Amino acid sequence: VLYGMLKAFAAKHRQFPTEAESLMWKYLRASQMGVRYRQQHIIGQFIADFACVSPKLIIEIDGGYHSLPEQQISDEERTEWLEKQGYKVIRFTNEEILYNIEAVLEKIKYEQYR
């Protein structure tokens, strides 16, 4: 039941991404970064904005609500669980994606090949 709900939620978000997610996907899709990324990928009970299964790298894009205290706690718990599964989680704000994409891509490349 949970997986079905997550799958529907992920499909909806792929269909209607935020502006920052659309821009990021433009650079990640079709193995343009040298590895294959998946958009809105389900891992356990979570949906990663972008995930690369090998290397185990997750890219999260945080909108304004991620600065709320309760969301920060949730994000920390989620990151901790994903890291226990062997993933490295890196986060960027919408603003970083929209206004400094080159620096974001450099950080992603660095993390991919560490």
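Read-outs throughout are calculated quantities, based only on the coordinates presented, and are distinct from any laboratory measurement. Bear in mind the structure is a predicted one, so any value in this text is a computation, not a measurement. Cβ placement follows ideal geometry from the backbone for every residue including glycine, while neighbour counts extend to all protein chains displayed.
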Taking the simple approach of a point 7 Å from Cα along Cα-to-Cβ for both T18 and E80, what is their distance in nm?
2.4
What number, rounded to the nearest 500 deg cm²/dmol, is the helix-based mean residue ellipticity at 222 nm of the chain, given -39500 (n - 2.57) per DSSP H run of at least four residues and division by all its residues?
-15500 deg cm²/dmol
Over the Cα atoms of the chain, what radius of gyration and what Dmax do you get, in Å?
13.5, 40
May I ask you to list the lysines whose Cα is less than 20 Å away from that of K84, ignoring any residue fewer than eight positions away on the same chain?
K56
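Net charge within 14 Å of L6 by Cβ-Cβ distance, Lys/Arg positive one each and Asp/Glu negative one each, not counting L6 itself? Don't skip to the end; give the middle numbers.
Details: positive: K7, K12, R14, R38, R78; negative: D49.
So the environment of L6 carries a net charge of +4.
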Where in the chain are the DSSP H helices whose alpha-carbon span along the long axis reaches 30 Å or more and whose Kyte-Doolittle mean is at least 1.0?
none
